1. Is there a residue being modelled with pLDDT of 90 or more, more than 15 Å from the ligand (Cβ to nearest atom) and closer than 28 Å to E223 by Cα anywhere in the range 75-82?
2. I need the full set of residues from the range 226-256 which are modelled with pLDDT of 90 or more and either assigned to a strand (DSSP E or B) or among the hydroxyl-bearing types (S, T, Y) (or both), in order please.
3. Just for the range 85-143: of the residues that are touching a Leu at 6+ places or on another chain (Cβ under 7 Å) and more than 22 Å from T232 (Cα to Cα), which one is farthest from the ligand (Cβ to nearest atom)?
4. Can you say whether A335 is touching a residue at least 12 places away in the same chain (Cβ under 8 Å) and either surrounded by fewer than 24 Cβ atoms within 10 Å (Cβ to Cβ) or in contact with a Leu (Cβ under 7 Å, 6 or more places away or on another chain) (or both), as far as the supplied structure shows?
5. Can you tell me which residue among R46, R109 is assigned to a strand (DSSP E or B) and within 19 Å of the chain's Cα centre (by Cα)?
6. Just one of (1) in the same structural domain as V39 (by TED's automatic domain parsing); (2) touching a residue at least 40 places away in the same chain (Cβ under 8 Å); (3) of a type outside the set (K, R) trips up A86, so point out which.
7. Which numbered condition trips up A60, out of (1) surrounded by 24 or more Cβ atoms within 10 Å (Cβ to Cβ); (2) assigned to a helix (DSSP H, G or I); (3) within 14 Å of the ligand (Cβ to nearest atom)?
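The values are calculated or read from the model by the stated rules, or taken from the named source; none is laboratory data. As the structure is a prediction and not an experimental result, all values here were calculated from the model. For neighbour counting, all protein chains shown are included, and Cβ atoms are generated from backbone atoms with ideal geometry for every residue, glycine included.
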Amino acid sequence: MSDWVPLNPNAKSYDVAVIGGGPAGAAAGAFMARAGLRVCVLEQKRFPRQKVCGEFIPAAGWKVLADLDLAARLQRLAGPNLQYVAVYPQWGPELCAALPATAAGLAARAISRDVLDDILLQRAAELGAAIFQPVHVSQVLGEAQTGFEVFVAGWPLPLRARAVVLAHGSPRLGAMNFVSGGSDEAAGRWPAPQSGIGGCVCFKIHLENVHLPDNTIAIGGVEGLYAGLLRTGKSAPAADAGDDTCQNRACYNLAFVVDRKLVRRYGSGVALYGYLRRHNASFGRSLRAARPGGEFLSCGPMEPGVREVYADGRFFVGNAAGEVHALIGEGLTLALCAGQLLGRVMSDHRAAWSAGKDLEIIGAAYRRGWLNQFASRLRSGNAFSQVLMKPLLSAAATAYLYAFPDIFDRCIRWSGKSP
Ligand SMILES: Cc1cc2nc3c(=O)[nH]c(=O)nc-3n(C[C@H](O)[C@H](O)[C@H](O)COP(=O)(O)OP(=O)(O)OC[C@H]3O[C@@H](n4cnc5c(N)ncnc54)[C@H](O)[C@@H]3O)c2cc1C
């Protein structure tokens, strides 16, 4: 598609280099390859691998997977259709609302992250993206005008690319030591998250023998902890998360987000799991006979908020662009939708790209689309999860929603669950 010529003829060159092969990077790679770009995706982990995640994908996310012709394949490996969301507050009555399905009949379902991420990345390869894995990107140098050099640990030469897509998932620089002329990144800073909540640590475990209807996702919390529980799909046989025995039996995912103060007090995922079961009667009932199907995985800190969408030839997708509070169950959908949006923008600006025109036009279109589609969803999701983590607020809110069930249905839609 492009006539762009690499500066260093010995280096491998691409139109776009995608850093990170999680859902955002794999989807961006797949959609851009389908739009005719020469794309590579660089992922540091060998797949399949587990990841801390609630694994819930609402109908809107399945729509994007259907656009990649993956819905049928993934649904065979996913958990059952989820038709209801039940709120389990620490105090007060439980509440239940229907989850919307798409017109095409796609319902919300959960799928194990080892399976999802692996198949998505394979799809990007099928559509023409070059996949490098496992490779660790240590540095990205450049700007829109000159193009980029992507340095991979252990490689003698950097890759060349006209643009880069940052899909490394993290709000922090970490090992991504970008150095590009006097920017925030060069000084080791990162744009501050704009939501004001953060500092939480996240845990996930796969469980068996959980008492919960197959078609229901339960969400709720106790002081300082917010949890989601649902039936998910089976794990890949080669999952590297220890002996995940959920391969052959019904498998449930319990994920929770915990205030750091509470983590210091309880010290481990197991102890926090006990705290949730003791202090939230509804979770206690559901988990009374539950058996672990693997180890507790943890990650953090979580830092929800809108970050960077486009800057000087660098496009951000998924959590690198903005993080929604973990248990709103929107992160994967936002990651997939952002990849789809980027593919569409690249395709719409095919002529500008081929003529080697300023990337700013394409960047501005992507930023506009991203903010329109995602900014309010991120903010409402983050506000909703704040309520759930405060028992008093949560009890008052559920009592109110109990009296006015229509409003609860609307909240479900506002938080991005409508297709
Ligand atoms: C507790 C918890 C529960 C959640 N529950 C849900 C849920 O139920 N539903 C939902 O939709 N979302 C949920 N989320 C959010 C969801 O997990 C994220 O939004 C999603 O993983 C973001 O995808 P991503 O591709 O942006 O990042 P990631 O999934 O983090 O992928 C980034 C990838 O980049 C790779 N990478 C990083 N650095 C480098 C490097 N230097 N070189 C090469 N590769 C690199 C990583 O190995 C990784 O594979 C949850 C999150 C948490 C923490």
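1. no
2. A227, G228, L229, L230, R231, T232, C251, Y252, N253, L254, A255, F256, listed by residue number.
3. I131
4. Taking the combined requirement at face value, the residue does not satisfy it.
5. After applying the criteria, what remains is R109.
6. Result: A86 fails condition (1) only.
7. Result: A60 fails condition (1) only.
Results for (1) in the same structural domain as P158 (by TED's automatic domain parsing); (2) modelled with pLDDT of 95 or more; (3) near the ligand (Cβ under 9 Å from one of its atoms), shown as yes or no for each residue.
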{"site": "P6", "(1), (2), (3)": "no, no, no"}
{"site": "A17", "(1), (2), (3)": "yes, yes, no"}
{"site": "A27", "(1), (2), (3)": "yes, yes, yes"}
{"site": "A33", "(1), (2), (3)": "yes, yes, no"}
{"site": "C40", "(1), (2), (3)": "yes, yes, no"}
{"site": "E43", "(1), (2), (3)": "yes, yes, yes"}
